[in-house]
Amino acid sequence: MTDAPQPKAAYRRVLLKISGEALVGEQSFGIDVNVARSVAEEIKQVHALGVGVGVGVGVGVGVGVGVGVGTDCGVITTVSTT
């Protein structure tokens, strides 16, 4: 049995910015573990291709944090992971 050839990645490194609100899933607040696992599995698949993956997670403006604070935290997260 032969292994199927892996596709060649277009980039060596990527930065993924995930919205905090996206991780809430169907809940009203917090992080949905199933959503987080799904995202982690996809990141793992990309990493298996030899791609370095940096991840920045936003705070989620819709969960009681004002837009200004949420934007500032998102920018700080993104800058600190690059």
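The values are calculated or read from the model by the stated rules, or taken from the named source; none is laboratory data. Since this is a predicted model, take the numbers as computed values, not measurements. So basically every Cβ, Gly included, is an ideal-geometry build from the backbone, and we count neighbours across all protein chains shown. Surface areas here come from the heavy atoms of the whole protein model, side chains and all, with no ligands, DNA or RNA. Shrake-Rupley method; radii C 1.70, N 1.55, O 1.52, S 1.80 Å.
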(request) Six or more apart or on different chains, Cβ under 7 Å: which pairs go from a residue in the range 16-43 that's under 15 Å from residue 56 (Cβ atoms) to one that's open to solvent by 100 Å² or more (accessible area, probe 1.4 Å)? Could you list them? (result) 23/31
(request) Identify the residue in the range 28-62 that is at pLDDT 85 or above, assigned to a loop (DSSP other than H, G, I, E, B) and not hydrophobic (A, V, I, L, M, F, W, C) and, among all such residues, is least open to solvent (accessible area, probe 1.4 Å). (result) 32
